[in-house]
Amino acid sequence: MLYGGEGKPVPLSVDPTLLVKALDPELKRNTLFDLQIDGGAERGCLAMVKDAQLDPLRDHLVHVDLIRISEDQMIDVHVPLVITGRAEGVKLGGVMQQVFRKLPVLARADSIPAKIEVDCTTWQLNDIFRVSDLELPPGVTLQLEDKQTLASVIAGKEEEEEVVEAAEGEEGAEAEEGAEAEDGDKKAEDGDKKAE
């Protein structure tokens, strides 16, 4: 089916192979393409894939909804967030935790980015990367709050175990020092009694 714009809904029969070929390999469903319609009052328009259903067994396209789009139209889409490089915190034993794999953005139909890349090489252990830290392409607006976490470098199990062991070692040292102090006080008391 074809929806949207000023036209009425139009039932369509689409060749799945031709549709897949029309999609940009990077933009995928966010591809803006020229749709030609045989018969009827409407001969063609710019369109995008709105929704698609696949056969779960054969992985074949069984149904698709298309929407009419104009090049300068602002639309809501999801764009992949790609984190590149290896964070310094990961080299030290931390773990990269990516909260969002795709980002909800508002962009012109003809200016939708294929992906949004972030270089993480300078991220340290416990660093948090938020929406406010992201540099977006011109004309693209992220549909999330500035304080929203997108990714972070968290302590790995080995790091956590080292911290726990260090804390236990400090507590043991304090306990040992306390015992030695008590033993010293007791000896001092015994010496005072003998002196009396």
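The values are calculated or read from the model by the stated rules, or taken from the named source; none is laboratory data. Note that the coordinates shown come from a computational prediction; the quantities given were computed from them, not determined experimentally. A quick note on method: Cβ atoms are made from the backbone with ideal geometry, for glycine too, and the neighbour counts reach across all protein chains shown.
Quick notes on this one:
- Test: residue in the range 23-39 that is exposed (fewer than 14 other Cβ atoms within 10 Å of the Cβ), over 21 Å from residue 140 (Cβ atoms) and among the hydrophobic types (A, V, I, L, M, F, W, C): no
- Residue check, residue 64 in the same structural domain as residue 134 (by TED's automatic domain parsing) and of a type in the set (Val, Ile, Thr): no
- Residue satisfying condition, being touching a Ser or Thr at 6+ places or on another chain (Cβ under 8 Å) and either outside any loop (DSSP other than H, G, I, E, B) or in contact (Cβ under 8 Å) with a residue 24 or more places away in the chain (or both), within set 104, 137: 137
- Criterion: free of Cβ contacts under 8 Å to residues at least 60 places away in the same chain, more than 19 Å from residue 28 (Cα to Cα), surrounded by fewer than 13 Cβ atoms within 10 Å (Cβ to Cβ) and not β-branched (Val, Ile, Thr) - qualifying residue of 146, 59, 127: 146
- So residue 146, is it in a loop (DSSP other than H, G, I, E, B) and of a type in the set (Asp, Glu): yes
- Only listed residue being over 15 Å from the mean Cα position of the chain (by Cα) and touching a residue at least 60 places away in the same chain (Cβ under 8 Å), chosen from 76, 72: 76
- Per-region count, the range 73-98, residues in contact with a strand residue (DSSP E or B) (Cβ under 6 Å, 6 or more places away or on another chain), of a type outside the set (A, V, I, L, M) and not in a strand (DSSP E or B): 3
- The one condition from (1) under 20 Å from residue 11 (Cα atoms); (2) loosely packed, with under 15 Cβ neighbours inside 10 Å; (3) not charged (D, E, K, R) that residue 64 does not meet is (2).
- Across the range 25-60, the number of residues qualifying as part of a loop (DSSP other than H, G, I, E, B), at pLDDT 85 or above and touching a helix residue (DSSP H, G or I) at 6+ places or on another chain (Cβ under 8 Å) comes to 2.
- A count restricted to the range 7-56 and to residues that are within 17 Å of residue 71 (Cβ to Cβ), in contact (Cβ under 8 Å) with a residue 12 or more places away in the chain and more than 35 Å from the chain's Cα centre (by Cα) stands at 1.
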